[in-house]
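Right, one structure below, let's go through it.
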Amino acid sequence: MKQLLLFILFAAMLCWIMFSPIYKHVVIVRQAVLQQEVDYLLEVGASGTYGYISPAMQRDSMRRLASFGLREQDIRYQYATTSGASATDASHPVPRGTGISLTISYPYENLFVIDSLIGIQPVAPHERMSAFGMKMSEYVP
């Protein structure tokens, strides 16, 4: 009986040790991709040419993120400005010196379920990882 219990515990630990680096790398890569996309959208949207992040830019961003394996319907975008103006209105671009902030989030899904094998409480599937950035608008009317 002791040998069977030891085998089960050893097998669980072996599975966790083998697969633990894989899901952690998936989380790291997803977080990096989200942050890269935030930085890119802010660089383009806050430039002197635009002063806003249009729905078309957001759709293109979703397509780029989907090319990395993220599901488009689960990606969430949140925009804000330091003045309270809309960051997505092309008819009223954000003027120079006003900050545009962007948060992109995506659910963790079931990436941490394997942690339950060794007794660690996994992250709930509905919780979201997010990337945040802020850039001052360079648009001059």
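The values are calculated or read from the model by the stated rules, or taken from the named source; none is laboratory data. Everything numeric in this text was worked out from a predicted model, so none of it was measured. Here the Cβ is made from the backbone with ideal geometry for all residues, glycine too, and neighbour counts use every protein chain on show. The accessibility values were calculated without ligands, DNA or RNA, using every heavy atom of the protein model including side chains. Shrake-Rupley method; radii C 1.70, N 1.55, O 1.52, S 1.80 Å.
Side notes on the structure shown:
- When nucleic acids and ligands are ignored and a 1.4 Å probe is applied, Leu9 ends up with an accessible area of around 100 Å².
- Where the range 14-141 is the region considered: accessible area per residue in Å², 1.4 Å probe: 56
- Accessible area of Phe68 in the full protein assembly, 1.4 Å probe (Å², nearest 10): 130
- Taking all protein chains together and a 1.4 Å probe, the residues Arg96, Arg64 rank Arg96, Arg64 from largest to smallest accessible area.
- Solvent-accessible surface (1.4 angstrom probe) belonging to Leu6, in square angstrom, nearest 10: 120
- Between the helical axis of 55-66 and the longest alpha-carbon principal axis of the chain there is an angle of about 20 degrees.
- Amide N proximity, the range 31-73 versus Arg96 label position 7 Å along Cα-to-Cβ, cut-off under 16 Å: 46-52
- Taken along the Cα-to-beta-carbon direction at a fixed 7 Å, the label points for Phe10 and Thr49 span 6.2 nm.
- Once the Cα atoms are used to define both axes, helix 2-45 deviates from the longest principal axis of the chain by about 10 degrees.
- Kirkwood-based shape ratio for the range 64-104, expressed as Rg/Rh from alpha carbons: 1.11
- Expressed as a whole percent, the accessible surface of the range 1-129 that belongs to carbon and sulfur atoms is 63, based on a 1.4 Å probe.
- Pairs of Cα atoms nearer than 8 Å and 6+ residues apart set the relative contact order; for the chain it is 29 percent.
- Principal axis extents of the C-alpha atoms in the range 91-141 (largest first, rounded to whole Å): 58, 18, 10.
- Kirkwood Rh and Cα Rg combined as Rg/Rh, the chain: 1.20
- Value of [θ]222 nm, deg cm²/dmol, for the chain, DSSP H segments ≥ 4, -39500 (n - 2.57) each, nearest 500: -14000 deg cm²/dmol
- The dipole here belongs to the chain: it is taken about the Cα centre, uses +1 on the Cβ of Lys and Arg and -1 on the Cβ of Asp and Glu, and is about 240 debye.
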